[in-house]
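Following: one structure in structure tokens, then a few remarks.
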Amino acid sequence: MNLKEIKELIEFLKQEEIAEFEMERGDFKVRIRRAGDSSAAAPSETRFFAMHSAPPPLMPVAQAPVAAAPPAAPAEVPAAETGLHEVRSPIVGTFYESPSPGASPFVKVGDVVQAGQVLCIIEAMKLMNEIEADASGEIIKKLASNGQPIEYGQPLFLIRPKG
């Protein structure tokens, strides 16, 4: 299991609110446990994970991708300036705009969506994860293209919230 798969697993566990997970594959063993939440901070920022694994080669691999995460940050500046809401990817995976090849997209620019409405699918570790709108409003811009690899926290849509 590589670092990318572990990150996807952690994000999936956060999304599903699973408090503890343990997996063993050959001589590789991973245990992930969520620490206690703080009521003062936002829920998405209060979940922490501890990972313990048997093979030492995992540690050097973990350091390289951590430095690669910041490129997604510049996308939040335009949304903050214009009052638009960003829908961000909760996991690493592949972006799909429709439920199956050849089907109509879940949403397109100009559509009005409700909080909880499915916007797209992100495939991660052979699982299809429906990504829902976390705000109601009009889709102003789609920031990902069909079949595109997506990183954790990457903006997917801009929504103009209902006033």
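What follows draws every value from the coordinates through simple rules; no lab data is involved. All of these numbers come straight from a predicted model, not from anything done at the bench.
Listed values, structure above:
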{"read-out": "Entries in K4/K126; K108/K142; K4/K108; K7/K141 that, when Cα-Cα distance is taken, lie over 18 Å", "value": "K4/K108; K7/K141"}
{"read-out": "Residue-wise HN-Hα coupling along segment 19-33, computed from phi with Karplus coefficients 6.51, -1.76, 1.60 (Hz; x: Gly, Pro)", "value": "7, 8, 8, 9, 9, 10, 9, x, 8, 9, 9, 10, 10, 10, 9"}
{"read-out": "Theoretical gain in end-to-end length, E20 to S136 [0.36 nm per residue, Cα-Cα removed]", "value": "38.5 nm"}
